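The values are calculated or read from the model by the stated rules, or taken from the named source; none is laboratory data. Quick caveat: nothing in here was measured; it's all calculated off a predicted structure. So basically every Cβ, Gly included, is an ideal-geometry build from the backbone, and we count neighbours across all protein chains shown.
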Ligand SMILES: [Zn+2]
C-alpha cells in the first residue's frame with residue numbers, strides 16, 4: 001500500500017508524493033488530523049515513499065525497505081510514543097525530555113540502511129514543555145538526512161517555534177464531506193489569474209468562497225494540487241515548472257502563516273497577488 005492509498009485524507013498524499021519525486025524533502029513535518037485519522041499509517045506510507053527505490057514518491061509496498069517499514073523493523077526509522085513513567089501511574093501519557101534526548105542521540109548516528117534517519121513522534125502534542133524546548137534544538141540544526149514526522153491532533157499545542165520549522169500537513173476525513181468547494185474555487189481563481197483578470201474580481205470571488213480558516217486551507221490544498229497538475233500537462237492552462245515550484249512555495253508559506261495566526265483573508269489575497277506575478 002503506497003502513499004496514494006491516503007488520497008482519502010485530502011490533497012496531502014498527492015502533494016507530498018510530487019514533492020518527493022522532485023527531490024523536495026523537508027527535515028520535519030507535522031501530520032495533523034483528528035483522532036479518527038490514521039496518522040501513523042500515513043507517516044509509514046510517507047517513509048516508504050521516501051526510501052523506496054522501486055516507486056519513489058509512492059512506495060511499492062513489496063521491496064525489502066517498504067516491508068521493513070510496514071513491519072516496524074526498518075533500521076533507520078525511530079518511533080517515539082507517549083509514556084506513563086510517573087511513579088503513581090496516573091494514566092496520563094506524555095513524551096518526556098529523556099525520550100527526546102534519546103532520539104537526538106540516535107539521529108546523530110549515521111543512517112545504516114539508506115541516506116535518511118527518520119523519526120515518527122506519535123502523540124506529538126503530548127511533548128512536555130521541556131521536551132519541546134529540547135526538540136527545538138534538533139529542528140534548528142537537524143543532522144543531515146534527518147526526516148522527522150510529528151503526529152498531532154492539534155498542532156497549536158506545540159510551540160510556535162516548532163510549528164514554524166515544520167511543514168504542516170493537514171489530513172482530513174473526506175468521507176461524506178463535500179470536497180468539491182475547495183477545488184471548484186481553486187479552479188475559478190487559477191483561471192482568473194491566468195487570464196489576468198482584474199484583482200477586484202478575484203477578490204470578490206475569494207470573499208464569497210472563503211468564510212473560515214478551514215475554507216482557506218481547502219482552497220490552498222486544492223490550489224497546490226492544481227498547480228502540480230498544470231506542470232504535468234493535465235490542464236489546459238500550463239505554467240513553467242519554475243513558476244509552479246515558486247507558487248508551491250508561496251502556498252506552503254501562506255498555509256504556515258495562517259496556522260500561526262495570520263488573518264486568512266488577508267494572506268490568501270496576498271498569495272494571489274504574488275502568484276499573479278508568476279503565472
Ligand atoms: Zn518499495
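What is the number of the single condition among (1) farther than 25 Å from residue 30 by Cβ; (2) modelled with pLDDT of 90 or more; (3) under 21 Å from the mean Cα position of the chain (by Cα) that residue 269 does not meet?
Residue 269 satisfies every listed condition except (3).
Would you confirm whether any residue within region 106-121 is buried (at least 16 other Cβ atoms within 10 Å of the Cβ) and in a helix (DSSP H, G or I)?
Yes: one or more hits.
Hey, could you check region 226-244 for residues that are closer than 25 Å to residue 166 by Cα and surrounded by fewer than 18 Cβ atoms within 10 Å (Cβ to Cβ) and say which is modelled with the lowest pLDDT? Don't jump to the end; show me each part of the working.
Filtering region 226-244 down to residues closer than 25 Å to residue 166 by Cα leaves 226-229, 241-244.
Imposing the further condition that a residue be surrounded by fewer than 18 Cβ atoms within 10 Å (Cβ to Cβ) reduces the set to 229, 241-243.
Working: 229: 71, 241: 80, 242: 85, 243: 86.
Filtering first and then ranking leaves 229.
For region 26-38, name all the residues that are part of a loop (DSSP other than H, G, I, E, B) and in contact with a strand residue (DSSP E or B) (Cβ under 6 Å, 6 or more places away or on another chain).
Within region 26-38, 26, 27 meet the criteria.
Scan region 115-135 and give yes if some residue there is within 16 Å of the ligand (Cβ to nearest atom) and over 17 Å from residue 30 (Cα atoms), otherwise no.
Yes - at least one qualifying residue is present in region 115-135.
Of everything in region 49-77 that's in a helix (DSSP H, G or I) and near the ligand (Cβ under 6 Å from one of its atoms), which residue is surrounded by the fewest Cβ atoms within 10 Å (Cβ to Cβ)?
Across region 49-77, the extreme among qualifying residues is 65.
On the given criteria, is residue 143 outside the structural domain of residue 249 (by TED's automatic domain parsing) and out of contact with any strand residue (DSSP E or B) (no Cβ under 9 Å at 6 or more places or on another chain)? Explain how you work it out, then say what you get.
Working: outside the structural domain of residue 249 (by TED's automatic domain parsing): yes; out of contact with any strand residue (DSSP E or B) (no Cβ under 9 Å at 6 or more places or on another chain): no.
The answer is no for residue 143.
Quick check: is even one residue across region 36-47 buried (at least 16 other Cβ atoms within 10 Å of the Cβ), on the phi < 0 side of the Ramachandran plot and within 10 Å of the ligand (Cβ to nearest atom)?
Checking region 36-47: not a single residue is buried (at least 16 other Cβ atoms within 10 Å of the Cβ), on the phi < 0 side of the Ramachandran plot and within 10 Å of the ligand (Cβ to nearest atom).
Contact list please: Cβ distance under 7 Å, first residue in region 57-82 and under 15 Å from residue 114 (Cβ atoms) and in the same structural domain as residue 98 (by TED's automatic domain parsing), second residue in a loop (DSSP other than H, G, I, E, B) and more than 15 Å from the ligand (Cβ to nearest atom), pairs at least six apart or on different chains.
Sorted first by the residue in region 57-82, then by its partner, the pairs are 75/112; 76/111; 76/112.
Being surrounded by fewer than 18 Cβ atoms within 10 Å (Cβ to Cβ) and in a helix (DSSP H, G or I) is the filter here, so list the residues in region 1-25 that pass it. It would help to see each step written out before you state the result.
First pass over region 1-25, keeping only residues surrounded by fewer than 18 Cβ atoms within 10 Å (Cβ to Cβ): 1, 4-5, 7-8, 21-25.
Residues satisfying the conditions are 4, 5, 7, 8, 21.
Among residues belonging to region 174-191 that are in contact with a helix residue (DSSP H, G or I) (Cβ under 7 Å, 6 or more places away or on another chain) and within 23 Å of residue 42 (Cα to Cα), point out the one that is modelled with the lowest pLDDT.
Applying the first criterion (in contact with a helix residue (DSSP H, G or I) (Cβ under 7 Å, 6 or more places away or on another chain)) to region 174-191 yields 174, 181-183, 185-190.
Filter again for within 23 Å of residue 42 (Cα to Cα), leaving 174, 182-183.
Working: 174: 66, 182: 80, 183: 79.
Once the filter is applied, the top-ranked residue is 174.
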